[in-house]
Each structure stands twice: as structure tokens, then as C-alpha cells.
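Enquirer: First the structure, which I've put down as C-alpha cells, then a few questions once you've had a look.
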Amino acid sequence: MPAVSLQTLKSMLRVDFDADDAVLTFYLEAAEAFIERHTRRRLTQAVRTVRYIWPDTKLRRAVNTVYSALGWPWPDHMTLPFPPFDSISAVTYTDTDGATQTLSSSLYGLDQAGGLTRILFRGDLPAISVDYPAIAVAFTSGYATGAVPKDLQLAICRLAGTYYMNPEAVSMLNLVQVPFGVKAVIDNYAVPSFGTEGPE
């Protein structure tokens with residue numbers, strides 16, 4: 001379900017006919033995608049997966065012989081992208097036999113201070129495969145239906161309205177051309193990048 005309905009956008013633009021519904025929907029979706037990309041947030045709630053994979057560096061190859069019997073060490077934490085965070089479905093990893101296992105929830109906690117949620121690993125953690133040292137976290141994030149802040153909804157409508165009223169003057173990749181009021185709002189909601197950990 002979109003963060004802003006087509007009818008809401010039409011009401012704000014004082015559009016009382018249906019002939020432009022398709023193009024208005026296109027601009028609405030483009031505006032939402034632009035704001036998601038700039039803020040690194042998700043405007044609709046869904047289950048997502050993020051993976052942590054150790055880089056295939058010389059150091060990793062050099063110490064493989066050390067960890068071949070013990071398994072690869074766990075990171076201190078993993079950062080979850082695409083706030084707002086809702087819940088974790090599962091944390092999985094590949095064990096030393098090559099099988100996928102689910103990590104007990106007693107072996108991690110959550111740090112939700114700041115804009116991004118971090119999983120903090122703790123306790124007697126199981127061994128991870130040296131050949132495929134990867135951890136996957138399935139989690140739910142994004143704004144629930146009806147929970148998108150009003151100023152973000154207004155920013156979506158203003159940006160979509162700008163595309164509709166003056167499409168030639170706006171580059172979707174150039175923030176300089178985005179209305180100042182929109183930029184001020186989405187800058188306020190922007191969260192930091194989460195480095196080398198990547199969402200699937």
C-alpha cells in the first residue's frame with residue numbers, strides 16, 4: 001500500500017478529473033522512491049533480509065587454517081538498514097558442516113539508540129563455516145499502514161506535484177531542483193549509511 005493515496009494527492013493538487021490518474025500514480029511512486037533513497041528509510045512495511053559476509057581478503061585467507069577447526073568468529077554487531085525497525089524474524093548462519101542454522105534469540109540483543117537498529121551478539125556463539133562465513137537476518141521494517149509522519153506525506157505530495165506541474169524543470173537525481181520545503185523535511189529524516197553491510 002503506498003504511503004500516500006492517489007486521492008490524497010489529487011485533492012492537494014485540486015485535480016478533479018481522472019484522465020491523469022496514470023501519470024499522477026507514476027509521479028507519486030517516483031516521489032516515494034526518491035524520498036526512500038535519500039532518507040534510507042522505507043515508507044511501507046515489509047520483511048527484508050540483510051547479510052553480513054566477511055570480505056575475501058588476504059587476512060581472511062591467511063587465518064583460515066587457524067579457524068578451520070574452530071569456525072569463523074562472529075562480528076560484535078550487525079546494523080539493520082531501512083528504518084523504522086519493527087521486529088526480527090530470524091538470524092541464520094552456515095555452520096561448519098555447511099548446514100543453515102537458526103541462532104537462538106538468547107545469543108543476541110538489540111541496540112535501538114539512534115536512527116539505526118543494531119544486533120549485538122553475545123554469549124557462547126556457535127561456530128560458523130570458514131568456507132561460507134555469512135550471517136543473514138530476516139526482519140520487518142518500514143512504516144506501518146497509516147503511520148508515515150504527516151510531514152513526510154506532505155513532502156511526497158509536494159514532490160509528486162512538482163513533477164506533475166513542471167516535469168521538464170526537475171531532475172529526479174538532482175536535489176538542487178527539489179523544492180526547498182521537501183529537501184528540508186527529508187534531510188531531517190535521513191539516516192546514516194550502514195557501511196559495507198548490504199541488504200538483499
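Quick note: the coordinates plus some simple rules give every number you see, no bench work behind them. Since the model is a prediction, treat every value here as computed from it, not as a measurement. Backbone-built Cβ (ideal geometry, glycine too); neighbour counts: all protein chains shown.
Enquirer: Give me the distance in nm between label points sitting 7 Å out from Cα along the Cα-to-Cβ direction at SER5 and GLN101, one decimal.
Expert: 5.0
Enquirer: Next question. How much length, in nm to one decimal, is gained on full extension between ALA22 and ALA113, taken as 0.36 nm per residue of separation minus their Cα-Cα distance?
Expert: Answer, rounded to one decimal: 28.7 nm.
Enquirer: Residue by residue through region 39-48, what is 3J(HN,Hα) from phi via Karplus (6.51 cos²θ - 1.76 cosθ + 1.60, θ = phi - 60°)? Round to whole Hz and write x for glycine and proline.
Expert: 8, 6, 9, 10, 7, 10, 8, 7, 7, 10
Enquirer: Okay, moving on. According to the square roots a ≥ b ≥ c of the eigenvalues of the Cα gyration tensor, what is the shape class of region 101-153, taking rounded for a/c under 1.5, prolate for a/b larger than b/c otherwise, and oblate for the remainder?
Expert: prolate
Enquirer: At what distance in nm do the modelled label points of ASN188 and ALA144 sit from each other, each positioned 7 Å from its Cα along Cα→Cβ?
Expert: Between ASN188 and ALA144, the simple spin-label model gives 2.3 nm.
Enquirer: For ARG48, which sequence-distant residues (separation of 5 or more, or a different chain) have an amide H within less than 5 Å of its own amide H, given hydrogens modelled in the peptide plane?
Expert: The list, which skips near neighbours in sequence, is PHE139, THR140, SER141.
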